[in-house]
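The next block holds one structure in the form of structure tokens; read it before the comments.
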Amino acid sequence: MKNKIYTILLSTAFLIGAGSCTDFLEEDNKVGQTADLLYATETGIESLIASSYAYSRTWYGKEAGLGLSEMGSDLFYSGFDNKQKSLNSYNLTPESLDGNVADNPCLDQYWEAFFAAVNVCNTALEYIPVNKLISDTKKSQHMGEAHFLRAFYYWHLVNIWGPVPYYKTPINAVSTESFRDSEEVVYSNILADLDEAVKELENSKAKSTRAHYWAVRAFKARVLLYAASWLGETSITTNSAYSGQNLYTLAKNEADAVIGSGIATFYNKYSDVWTMTNEDVAKNSESIWGINYTSPFSLNVLPYRIKTNASGDPLDFNSLIIRTGRATGGGNAMLLMFVPKWNNAGSDLSDVFVRVTSLTATVKHSVTGVAVSPGSTYSKYGRGFTRYVPSMYLVNIFNKNRATDQRVDATVRDAYTIAPGLEGSSKKYTMMQDTGLYYMPVDGNSPEAIARIAHAKNRYRIHTLVGGHLPLYTSLDPAKALPTNTMPTADPYGDGRYKNVAYAGDQSFFAIKKFDSDVYSRSDNDKVTPEIYDRDVMVLRLAEIYLIKAEAELKTGGSAAALATLNVLREKRAIAGKDNLLTGPVTLETILDERALELCGEQQRWFDLKRTKTLVSRVKAYNAQASANVKDFHLLRPIPQAQMDAITNKTDGADPTGFWQNPGY
């Protein structure tokens with residue numbers, strides 16, 4: 001049984017504060033006498049801390065949060081019906097889109113959610129010290145959690161929007177004036193919060209789903225790296241503990257401490273990181289800390305929004321965030337995001353790849369008539385939509401490491417096998433035995449591909465990168481490549497089976513399989529096509545700490561040291577008996593390549609490119625869907641229009657005493 005933090009919804013007023021849209025401020029206000037009574041109890045404080053964690057589930061494992069952290073980068077194109085294509089095309093505006101699900105970055109809802117989360121943390125920091133019923137040990141634990149979580153939410157805010165108000169006390173009055181603290185001030189306060197959390201959690205060093213000592217230090221290593229790469233290595237001046245210090249050196253020191261602590265260790269098999277039996281972040285060997293999900297799903301339900309409808313009732317977050325209705329509860333939706341369409345986007349395999357929605361469902365063999373039970377075999381193979389397609393750059397990273405590195409096979413699904421018992425059942429491919437579909441990562445016009453295509457005829461369907469009968473991309477040049485959305489006229493079978501655009505690369509493609517679920521009955525009765533599951537989300541894990549250390553070493557002049565650190569990770573990820581080591585010199589590109597291989601899809605890539613100021617150059621080099629529009633000002637997102645409309649002290653960016661829209665919007 002997972003050690004879970006259960007969400008307890010409170011009717012506390014999460015007033016977003018100065019400058020917030022007044023629609024957001026209608027919830028019943030318990031700041032005052034009622035709050036004093038509630039938070040004087042042990043249950044009240046425990047509920048408050050639980051609510052402090054709840055907002056993390058609006059981002060991690062959610063489609064909208066994934067879009068803001070992976071879309072518009074060098075790793076993914078938008079699939080056929082991605083719901084946040086404006087993030088990839090960089091046609092972003094400040095417009096607050098609320099319930100729109102056709103194309104919605106959800107910036108307005110995350111502005112609200114993160115500031116509401118901050119206000120809950122601030123409420124906890126105000127009431128915990130004066131509570132007379134909880135022990136000093138509990139007070140220290142909860143204060144550490146609240147300081148950590150406030151820093152955690154502000155890390156998202158400052159990396160999305162840049163200068164933002166850093167609130168240290170609960171908001172208890174509505175104002176139409178606001179301010180924006182500089183990014184340096186925000187980072188200084190984040191570091192101060194983390195240092196407080198380190199002291200308060202000194203006796204909480206065991207791995208847990210709650211904030212603990214080593215989670216704080218691991219996150220601090222990330223924060224220091226981000227501040228160094230975005231603001232400058234000696235950029236912190238308003239926090240005297242860091243003034244004049246090299247932040248890269250400090251990041252390395254924190255990384256070394258976490259690595260040396262033993263809080264996390266590498267699996268011998270990289271695939272073990274991602275099995276559902278190891279999904280619990282408190283038990284996964286490589287995990288340091290993450291966001292917990294559990295069954296029943298009602299225990300993961302998100303808080304209501306503060307914004308209300310015309311009747312004064314609080315709204316739910318957009319379905320791109322909540323995925324399923326409140327009656328179902330909440331869960332992780334990552335199993336849906338990186339897979340192609342049902343039946344692998346085509347009718348030629350529909351008699352063997354059948355959408356199965358129950359563990360007890362059967363499929364009849366087309367020749368023998370024998371009923372075959374696919375069980376959960378096919379659930380991981382596709383959904384009725386396509387959200388994320390790997391970029392040519394990412395495919396090339398996989399291909400480059402395919403022969404030596406375990407991460408490729410554990411991350412990429414390029415072959416689809418039919419359920420046992422359906423051999424010989426395919427009417428279109430009469431010689432089919434096990435493989436039903438294969439994505440071949442080469443040029444379809446190469447001798448290797450031509451031979452493989454010839455062998456595949458009447459056995460299975462085969463796609464190639466370009467060329468051949470079923471190309472996935474329009475070009476081998478990463479700067480020009482797009483997922484195909486039309487089909488070539490060549491017809492190897494003469495029966496027109498490949499004429500449907502459902503076979504094109506924006507609907508049928510290499511899947512990223514590390515977020516698969518191989519356990520279904522526990523989380524969704526006997527359904528094998530769940531909309532959500534209860535996989536925890538690893539936010540901090542050991543491999544990232546090595547990558548932080550290597551980048552910090554590189555930036556402090558130690559290419560050789562960076563290489564040695566990267567090769568510790570490379571050796572752990574090596575296929576048995578294979579030389580997986582890198583050779584120098586190490587560059588930032590080396591680091592970014594390694595982060596792509598290790599962390600793709602884990603809600604970090606856009607932030608990596610932003611903080612290293614490589615977003616524009618790498619998008620132009622590796623994402624043809626985004627390259628035409630991306631500009632330097634896109635390194636920050638637009639402040640939601642709902643916020644701007646409520647402000648009476650608006651200024652331009654040249655006047656830091658007021659509140660301004662980010663340049664370019």
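Label 7 Å along Cα→Cβ of LYS620; segment 469-511 residues with amide nitrogen under 14 Å? Correct set: 479-480. Of the GluC sites (Glu not before Pro) found in segment 146-238, those in coil by DSSP whose Cβ has at most 13 other Cβ atoms within 10 Å are GLU177, GLU202. In a reduced charge model with +1 at each Lys and Arg Cβ and -1 at each Asp and Glu Cβ, the chain shows a dipole moment near 1640 debye about its Cα centre. Cα centroid separation, segment 161-202 to segment 54-110: 25 Å. Relative to the longest principal axis of the Cα atoms of the chain, the long axis of helix 542-555 lies at roughly 80 degrees. Against the chain, whose longest principal axis comes from its Cα atoms, helix 213-231 is set at around 90 degrees. Considering only Cα-Cα distances, which of the following residue pairs are longer than 32 Å: LYS252/LYS572; LYS269/LYS549; LYS364/LYS457; LYS83/LYS283? From LYS252/LYS572; LYS269/LYS549; LYS364/LYS457; LYS83/LYS283, over 32 Å: LYS83/LYS283.
Angle of helix 588-599 to the longest C-alpha principal axis of the chain, folded into 0 to 90 degrees and rounded to 10: 80°. Picking from GLN603, ASN629, GLN641, whose Cα lies most toward the positive end of the charge dipole for segment 581-650 (charges on Cβ: Lys, Arg +1; Asp, Glu -1)? The listed residue farthest towards the positive side: GLN641. For LYS480, the lysines whose Cα comes closer than 16 Å to its Cα, not counting residues fewer than 8 places off in the same chain, are LYS620. Only aspartates and glutamates eight or more places from LYS139 in sequence, or on another chain, were considered; those with a Cα closer than 19 Å are ASP36, GLU42, GLU46, GLU126, ASP193, ASP195, GLU196, GLU200, GLU202.
Can you order the peptides 297-304, 223-230 by their average number of other Cβ atoms within 10 Å per residue, highest first? Kindly include the intermediate steps, with their values, before the conclusion.
Details: 297-304: 20.1, 223-230: 24.8.
Highest-to-lowest ranking by the protection proxy: 223-230, 297-304.
For the peptides 251-258, 238-245, 351-358, the ranking by mean Cβ contacts within 10 Å, running from highest to lowest, is 251-258, 351-358, 238-245. Using just its DSSP H runs of length 4 or more, each adding -39500 (n - 2.57), the chain gives a mean residue ellipticity at 222 nm of -10000 deg cm²/dmol after division by all residues. By the rule of a C-alpha distance below 16 Å, with chain neighbours fewer than 8 residues away ignored, the aspartates and glutamates paired with LYS199 are ASP136, GLU145, GLU254. Other residues whose C-beta falls under 10 angstrom from the C-beta of LEU563 contribute a net charge of 0, scoring Lys and Arg +1 and Asp and Glu -1. Going from the residue with the fewest nearby Cβ atoms within 10 Å to the one with the most, TRP342, TRP214 rank TRP342, TRP214. Counting only DSSP beta bridges whose two residues both lie in the chain, roughly 70 percent are antiparallel. Here segment 355-402 and segment 228-266 have alpha carbon centers that stand 43 Å from each other.
So how do SER347, SER135, SER271, SER69 line up by other beta-carbon neighbours within 10 Å, fewest first?
Taking fewest neighbouring Cβ atoms as first place, the list is SER135, SER347, SER271, SER69.
Maximal additional length on extending the THR324-THR169 stretch stands at 52.4 nm, based on 0.36 nm per residue less the C-alpha distance.
Below 11 angstrom from the Cβ of ASN246, what's the summed charge of the other residues (Lys, Arg +1; Asp, Glu -1)?
+1
Under a Cβ-Cβ cut-off of 11 Å, what is the net charge of the residues other than TRP660 that fall near it, where Lys and Arg count +1 and Asp and Glu count -1?
Numbers: positive: ARG180, LYS650; negative: ASP652, ASP655.
Here the count lands on 0.
Residues MET337, MET276, MET644 in ascending order of nearby Cβ atoms (within 10 Å, fewest first): MET276, MET644, MET337. Hey, what did the chain get for relative contact order, percent, Cα under 8 Å, at least 6 apart? With pairs under 8 Å counted, the relative contact order is 20 percent. Ordering 580-593, 368-381 by mean Cβ neighbour count within 10 Å, with the highest value first, yields 368-381, 580-593.
Each value in this text was obtained by applying a stated rule to the coordinates, not by laboratory testing. This is a predicted model, so every value here is computed, not measured. Cβ sites come from the backbone with ideal geometry, for glycine too, and all protein chains shown count toward neighbours.
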